[in-house]
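Quick notes on the structure that follows.
The values are calculated or read from the model by the stated rules, or taken from the named source; none is laboratory data. It should be emphasised that the depicted structure is a prediction, and the values quoted were computed from it without experimental measurement. With ideal geometry, Cβ positions are generated from the backbone for all residues, glycine too; neighbour counts draw on all protein chains shown. In case anyone asks, the SASA skips ligands and DNA or RNA and just uses the protein heavy atoms, side chains included. Shrake-Rupley method; radii C 1.70, N 1.55, O 1.52, S 1.80 Å.
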Amino acid sequence: MTLFSGIQPTGLLHIGNYFGAIKNWVKLQEKYPSIFCIVDYHAITVPYDPKTMQDKILNLTIDLIACGIDPKKSILFVQSQVPEATELTWILNTITPIGELRRMTQFKDKSQEHPESVNMGLFDYPVLMAADILLYKAQIVPVGEDQVQHLELTREITRKFNKTFGQTFLEPKSILTQGSRIMSLTDPAKKMSKSSGPETYISLSDSPETIFKKLSTAMTDPARQRKTDPGTPDKCNLYHLHKLVSSSKELDYIAKGCQKAQIGCLECKKLLADNLARELAPIQKKRKELAENPEKIKKILADGTEQARKIAQKTLIEVKKKMGLTD
Ligand code: TRP
């Protein structure tokens, strides 16, 4: 069973991407033959800067490898380098009902966010995603909650294709990362995201000082913050971050200390900052080494493209045969 997932080259990775997705990918690549794709064709469906695109792709590749994606085990490549994906998108477009695409929550949200560029690509985004997955006949697809609806559509497209043209694809399953929702530092009701400004997230490249600085202004349990009650750790965004990096002994100390107001938020934040910095240190070290040799990174991507294309071409020929487009 093949695993496939994609990530957009939209800039620096933050701990939400790391704990919510990539750390899980690193584990899963031990269990399944895995394909990880930098989805530049998805990224251009909203306004972007062409001048920084290549840099973002290179940096994301470096980040992924620094986090532990192993190009010797897994295929790592850039979406636009495998044109078969856009070819299959066109084919799948012909069996995708427009009504289904209109229902997609992400399309509605992004249309509202960028009313000046509600384009066909944004509308077709889920079909390109289906093509990504089906091209490699992937069955295991780790995604965030926001992509589950797209996966459902992929399954529907899969059934429709098989029914219309004969059994070709297997229905993929999404797997959600445990504890995958990492929330904004300043607004715990929102998902951590790069678009809300650097004070709202911790980037993988933040120094220990920056991490502490960002945490010191971060929201904690609202009741404790108003000083009306001692803290309730489970209502505190930072306690959830602690669960990702702190030992069970530390968690116990914090939970009890917070409830009895024996420790202050500052002490709790200091410990969290130290533990986060410790977790990120080896990634940052590896990142620095990798960044010294961009040619090697480009070679990894070129090798990945070659491997991906081989699989993609084989699937596309099978699809075209089934559809009477070639003999
Ligand atoms: N749309 C996904 C996201 O933004 C990325 C993606 C593109 C993807 N193609 C995919 C994820 C295929 C899983 C499978 O998160």
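Backbone phi angles across the range 90-106, fed through the Karplus curve with coefficients 6.51, -1.76 and 1.60 (θ = phi - 60°), yield HN-Hα couplings of 4, 4, 5, 3, 6, 10, 9, x, 4, x, 5, 5, 5, 7, 5, 4, 5 Hz in residue order; Gly and Pro are listed as x. Computed per residue of the chain from DSSP H runs no shorter than four, each worth -39500 (n - 2.57), the mean residue ellipticity at 222 nm is -17000 deg cm²/dmol. Surface analysis of the range 192-286 yields an accessible area of 53 Å² per residue, using protein heavy atoms and a 1.4 Å probe.
Kirkwood-type hydrodynamic radius, the range 212-325: 18.1 Å, calculated from all non-identical alpha-carbon pairs.
When the convex hull of its Cα atoms is viewed from all sides, the chain shows a mean projected area of 18.0 nm².
Protein heavy-atom surface of the range 194-287, 1.4 angstrom probe: 57% of the accessible area is carbon and sulfur, with nucleic acids and ligands not counted. Couplings 3J(HN,Hα) for the range 155-160, derived from phi with the Karplus relation 6.51 cos²θ - 1.76 cosθ + 1.60 (θ = phi - 60°), are 5, 5, 4, 4, 4, 5 Hz, where x marks Gly and Pro. Close amide H contacts of LYS191 (hydrogens built in the peptide plane, cut-off under 5 Å, sequence separation of 5 or more or a different chain): SER184. Within the same chain, aspartates and glutamates fewer than 8 places from LYS110 are excluded, and of the rest, those with a Cα less than 14 Å from its Cα are ASP124, ASP146. In the elastic network of the chain, a GNM with C-alpha springs shorter than 10 Å, the most mobile of LYS288, LYS194, LYS269 is LYS288. For the range 36-93 versus the range 223-239, the inter-centroid distance based on Cα atoms is 40 Å. Listed values for the range 181-188 are Karplus-derived 3J(HN,Hα) couplings in whole Hz (6.51 cos²θ - 1.76 cosθ + 1.60, θ = phi - 60°), namely 8, 9, 9, 4, 5, 9, 9, x, and x replaces Gly and Pro. Ranked by the mean number of other Cβ atoms within 10 Å per residue, highest first, peptides 315-322, 227-234 order as 315-322, 227-234.
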